[in-house]
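The values are calculated or read from the model by the stated rules, or taken from the named source; none is laboratory data. In this text, all values refer to a predicted model and were calculated from it rather than measured experimentally. Here the Cβ is made from the backbone with ideal geometry for all residues, glycine too, and neighbour counts use every protein chain on show. Areas reflect the complete protein model, heavy atoms only, side chains present, ligands, DNA and RNA absent. Shrake-Rupley method; radii C 1.70, N 1.55, O 1.52, S 1.80 Å.
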Amino acid sequence: MLLGLSAADARTISRGILILVFAIAAGVVVADNQLNRLTARHEFGQALNVRREASGYYRAYVLGQSWGVRAVYPVGSISANGDSLSLEVAGRRLTVPTVVRVELDRAVYWLVVWRGQFVAAAVRTKRELAGYWGELRPLVRELMDAVKR
């Protein structure tokens, strides 16, 4: 029991107070919007605002008071150039290459030589097979004629 009231009466009064608070808040918002439209100014009261600044600070504004907290503590640095990525922590540096260079001139030279040798061997084999076929052609024709009879 609230203030000696029955539960049903306390619920009715609580609902009424809640509706009254809501109506007052809605009226204040409507009046503020109308005033802002009339004066063409959009002012507002700031009760709570948390903001992160570019320098790594968080600032909280609560009812006109401001508190700041630093969120970034320098632990190390990362730097990059065209060929590598460097990470420096506690005076020690780790560099990771981002560009890998491989010299393939020697391998390409040998691939070209082997290709030339392969092509020469293939041409020679083709000529030899053509010669063998020239020798075998009359024998194959004889066999085919013998089978036909």
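Could you check which residue among 76, 116, 68 shows the biggest mean-square fluctuation in a GNM of the chain with a 10 Å Cα cutoff?
Residue with maximal mean-square fluctuation among 76, 116, 68: 116.
Nearest 10 degrees is fine. How inclined is helix 105-148 to the longest principal axis of the chain, computing both from alpha carbons?
For helix 105-148, the angle is close to 50 degrees.
Taking all protein chains as present, what is the carbon and sulfur share of the accessible area of the range 10-109, in % to the nearest whole number, probe 1.4 Å?
It is 62 percent, rounded to a whole number.
Can you pull the accessible area of residue 70 for me, 1.4 Å probe, Å² to the nearest 10?
100
In terms of solvent-accessible area of protein heavy atoms at a 1.4 angstrom probe, what is the ranking of 113, 123, 102, highest value first?
102, 123, 113
Mean residue ellipticity at 222 nm from the helices of the chain, using -39,500 (n - 2.57) per DSSP H segment of n ≥ 4 over the full residue count, to the nearest 500 deg cm²/dmol?
-19000 deg cm²/dmol
Give me the angle, in degrees from 0 to 90, between the Cα long axis of helix 7-39 and the longest principal axis of the Cα atoms of the chain, rounded to the nearest 10.
With both axes taken from Cα atoms, the answer is about 70 degrees.
Which one of 28, 76, 65 is farthest out on the positive end of the charge dipole of the chain, using unit charges on Cβ (Lys, Arg +1; Asp, Glu -1) and the Cα centre as origin?
Farthest along the dipole direction, towards plus: 76.
Let me check something: with ligands and nucleic acids excluded, how do 103, 53 order by accessible area (1.4 Å probe), largest to smallest?
The most accessible residue leads, giving 103, 53.
How high is the FRET efficiency from residue 148 to residue 127, r the C-beta distance, R0 41 Å, rounded to 0.05?
FRET efficiency, residue 148 to residue 127: 0.85.
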